[in-house]
Amino acid sequence: MMFRSLANLEILCLRNNFIEEIASTALPLPSNLTELDLKYNDLYEIDDDIFRQQSRLKTLLLGNNYISYIAEMAFTDITYLEELDVSSNELESIPPEALGGLRTSTYWTSPTIKLTS
């Protein structure tokens, strides 16, 4: 595991790293993260299992990528999320189920995205 020795890591900035994919097996993340910054990479989709172990995550920054797809269950395990940035991506819509687990007080940045049913 890439971050095995960093089990207590709470803030991880991977901005501008040309990351194309994040998956529980491709890039296993420490489970204690409270902030994850993946802005300005080459991500194109967010699958269901990526944030499964990230229940403590409060800030998730995914802006300025090429994301065109977010799975229906992508954020359901991130119940403490306070800020979600998906701005400046190629998203046209987000399934409401993807945001269903988020608290109503979650601040999310995406001025042009519609929720689709």
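Structural remarks
- Test: residue in segment 16-29 that is crowded, with 17+ Cβ neighbours inside 10 Å and outside any loop (DSSP other than H, G, I, E, B): no
- Condition check for residue 67: assigned to a loop (DSSP other than H, G, I, E, B), under 18 Å from residue 19 (Cβ atoms) and either within 11 Å of the chain's Cα centre (by Cα) or at pLDDT 95 or above (or both): yes
- The number of residues in segment 47-64 that are in a loop (DSSP other than H, G, I, E, B), farther than 14 Å from residue 99 by Cα and among the hydrophobic types (A, V, I, L, M, F, W, C) comes to 3.
- Residues that are among the small types (Gly, Ala, Ser) and in contact with a Phe, Trp or Tyr (Cβ under 8 Å, 6 or more places away or on another chain) within segment 68-98 comprise 68, 74, 98, listed in sequence order.
- Scanning segment 70-97 for residues that are over 11 Å from the mean Cα position of the chain (by Cα) and closer than 20 Å to residue 17 by Cα yields 87, 88, 89, 90.
- Where a residue in segment 45-62 is touching a residue at least 12 places away in the same chain (Cβ under 8 Å) and closer than 13 Å to residue 30 by Cβ and its partner, wherever it lies, is β-branched (Val, Ile, Thr) and in a loop (DSSP other than H, G, I, E, B), with Cβ under 8 Å and at least six apart: 51/78; 54/78; 55/78; 55/79; 56/34; 57/34; 57/78
- Residue 75 among the aromatic types (Phe, Trp, Tyr), modelled with pLDDT under 95 and assigned to a loop (DSSP other than H, G, I, E, B): yes
- Flag set for residue 36, criterion: in contact with a strand residue (DSSP E or B) (Cβ under 6 Å, 6 or more places away or on another chain), surrounded by 13 or more Cβ atoms within 10 Å (Cβ to Cβ) and either at pLDDT 90 or above or part of a strand (DSSP E or B) (or both).
The values are calculated or read from the model by the stated rules, or taken from the named source; none is laboratory data. Keep in mind the model is a prediction, meaning the values are calculated, not measured. Backbone-built Cβ (ideal geometry, glycine too); neighbour counts: all protein chains shown.
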